[in-house]
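Worksheet: the structure to be examined is printed underneath.
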Amino acid sequence: MNEVSKVVVGVSGGIAAYKACQIVRGFREQGVDVRVIPTENALKFVGAATFEALSGAPVDTDVFSRVDEVQHVRIGQDADVIVVAPATADFLARVAGGRADDLLTSTLLMATCPVVLAPAMHTEMWNNRATQHNVSVLRSRGYTVLEPAHGRLTGKDSGAGRLLDPSQIVKLTETVAATGPIEQTLKGKRVLISAGGTREPLDPVRFLGNHSSGKQGFALAEIAAQRGAHVDIVAGAIDHLSIPAGAEIHRVTTALQMNEAMRSLAPQADIIVMAAAVADMRPRHAAQKKLKKDDNSQELSQVDLVANPDILQGLGEMRKKGLTSATIVGFAAETDNELENARRKLQRKGVDGLMVNSVAQGAVFGQAHNQGWFLDSSGREQAIPHGTKLEVAVHLLDKVESLHM
Ligand code: C5P
């Protein structure tokens, strides 16, 4: 995991330029040095003083300011990563054309570090063949052009082309700096991911649940969507998480509901990842009224439990029957003898791979970082290095995609 210490935030001239302020804040709060380079038009939306105050660094738009410092050379060489947000249709065209007519485009031509472009424009402009051509040219040169979000655009319009959430842009930029460009390796594929924990009702106020936050499943969904996949997330109980752009969410509560949702989406899926923590047991009957804890009532101390279906194993069986052709992987959260337990589990579940992680002493659940091993059905065991859950998602999807090919 490379720590990012110097970031250039480029800003081009679209209404979403005001969100660049939050991106600058997001990096500064982590102690990252930020240099903001707006285009002339960006300054029609947000003043240079705002960017200077937020970044604590001077702001220029052309190569003729501070000529003695040869800024475009120095800034381009120094940066660990460059992110341009928003990147307008015109800006993408200028970069694709190799222009160097202001400080930002010159800096990009000088840079050898990873570059992330976060587009924002109206849907028609985004879908226009000229823009799409420029995007594919830029991607072919190793730039990460993020998929924009769907949603409210300027005025009354709504559709694809909205700037991603600033905090997602910060996290994805850090991920690209650590793991390399995000490529469109899942274009045209459908990826089905379960996330979070199930809740099994005991009565109208109580349930059996677990500590899963849904973060790792959502991180997988985010990377899969940015790699061009259509993503379905079947989510149980999760922490407050923003829904990744380009993913469709299906909310469930219990293991039985999750089973039904997964089985109905599995036939169309190319890749299935069961990242959810499914309760193994559920109360046989959910009481209609709150169970009593009075001395002579045994209602709470003698709850009758029955086993939930093993969803992952069931998906493996569906595939044996030809009901889905998806590559299927699961997770194994273990507190001890991780690899040994996971090898047996992989066999029993009849799937293609398992991501194994140790959850001893509160590690993983709800945390921002993860690590572990990936075991596949041909007997390979590969380490997944320690990193943010987005970085782990990158490594894990690389392994899953290589099994899928
Ligand atoms: O057997 P264990 O719960 O450790 O296996 C973990 C894997 O199996 C995870 O991928 C989890 O999502 C899945 N699972 C399931 N249905 C269950 C229990 C676990 O799909 N009832």
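Bear in mind these aren't lab numbers, they're just calculated from the coordinates by the rules spelled out. Note that this is a predicted model, so its numbers are computed, not measured. A quick note on method: Cβ atoms are made from the backbone with ideal geometry, for glycine too, and the neighbour counts reach across all protein chains shown.
For the peptides 244-253, 386-395, 333-342, what is the packing order when you average, over each peptide's residues, the other Cβ atoms within 10 Å and list the highest mean first? Can you show the working numbers first?
Values: 244-253: 18.2, 386-395: 22.0, 333-342: 15.0.
Top of the packing list down: 386-395, 244-253, 333-342.
Report the far tail of the P(r) of the chain, meaning the percent of Cα-Cα pairs longer than 35 Å.
Working: 28947 of 81810 pairs.
So the pairs more than 35 Å apart make up 35 percent of the total in the chain.
What does the charge count around Val303 come to, taking other residues whose C-beta lies under 11 Å from its C-beta (Lys +1, Arg +1, Asp -1, Glu -1)? Each step should come with its number before you reach the end.
Values: positive: Arg206, Arg282, Arg284; negative: Glu200, Asp203, Glu299, Asp304.
With Lys, Arg at +1 and Asp, Glu at -1, the net is -1.
Given the options Leu291, Leu312, Leu43, which has the most mean-square fluctuation in a GNM of the chain, springs set between C-alpha atoms less than 10 angstrom apart?
Judging by the Gaussian network model, the answer is Leu291.
Using modelled amide H (1.01 Å from N, peptide plane; none on Pro or chain starts), what sits under 5 Å from the amide H of Ala277, excluding residues fewer than 5 places away?
Gly196, Gly197, Thr198
For segment 168-195, list residues with backbone N below 17 Å from a point placed 7 Å from the Cα of Arg25 toward its Cβ?
168-171
Taking θ = phi - 60°, what integer Hz values does the Karplus form 6.51 cos²θ - 1.76 cosθ + 1.60 yield along segment 312-328, in sequence order, with x for Gly and Pro?
4, 4, x, 5, x, 5, 4, 5, 4, 7, x, 7, 8, 10, 5, 6, 10
Which whole-Hz ³J(HN,Hα) couplings does segment 78-91 yield from phi under the Karplus relation 6.51 cos²θ - 1.76 cosθ + 1.60, θ = phi - 60°, glycine and proline marked x?
Each residue's phi maps through the Karplus curve to give 7, 5, 7, 7, 10, 10, 10, 8, x, 9, 7, 4, 5, 5 Hz.
Can you list the HN-Hα couplings for segment 342-353, worked out from phi with the Karplus curve (6.51, -1.76, 1.60; θ = phi - 60°), rounded to whole Hz and with x for Gly and Pro?
5, 4, 5, 4, 4, 4, 5, 7, x, 10, 8, x
Here is the link list: Lys44/Lys156; Lys187/Lys215; Lys289/Lys345. Which ones come out longer than 28 Å on Cα distance?
Over 28 Å Cα-Cα: Lys289/Lys345.
Taking the dipole about the Cα centre of the chain, with the C-beta of Lys and Arg at +1 and of Asp and Glu at -1, give me whichever of Asn337, Val252, Gly142 is farthest to the positive side.
My answer, from the dipole projection, is Val252.
How far apart, in nanometres, would the label points at Ser136 and His240 be if each is projected 7 angstrom from Cα along the Cα-to-Cβ direction?
So the two model labels end up 4.2 nm from each other.
Going through segment 1-91, which chymotrypsin sites (Phe, Trp or Tyr not before Pro) have at most 12 other Cβ atoms within 10 Å and a DSSP loop state?
Loop-located and lightly packed - Phe64.
Give me the extension gain from Lys292 to Ser377: residue separation times 0.36 nm, minus the current Cα-Cα distance, reported in nm with one decimal.
25.8 nm
If I model a spin label as a point 7 Å beyond the Cα along the Cα-Cβ vector, how far apart are those points for Val205 and Ala93 in nm?
Going by the 7 Å Cα→Cβ label model, 6.4 nm.
For segment 1-94, which GluC sites (Glu not before Pro) are in a loop by DSSP, counting at most 11 other Cβ atoms within 10 Å? Spell out each step's value before the answer.
On the way: sites: Glu3, Glu29, Glu40, Glu52, Glu69; in loops: Glu3, Glu40.
Passing both the DSSP loop test and the Cβ count: Glu3.
With an 8 Å Cα cut-off and a minimum separation of 6 or more residues, compute the relative contact order for segment 274-395 in percent.
Reported as a whole number, the value is 17 percent.
Long-range amide H contacts for Thr327: which residues qualify at under 5 Å (H placed 1.01 Å from N, peptide plane, sequence gap of 5 or more or a different chain)?
Close amide H contacts, sequence-distant or interchain: Ile271, Ile272.
For segment 112-177 and segment 87-109, what is the centre-to-centre distance using only Cα atoms, to the nearest Å?
15
Percent relative contact order of segment 292-359, based on C-alpha pairs within less than 8 angstrom and at least six residues apart?
Relative contact order, segment 292-359: 31 percent.
Compute the relative contact order of the chain as a whole-number percentage, counting only Cα pairs closer than 8 Å that sit 6 or more residues apart in sequence.
11
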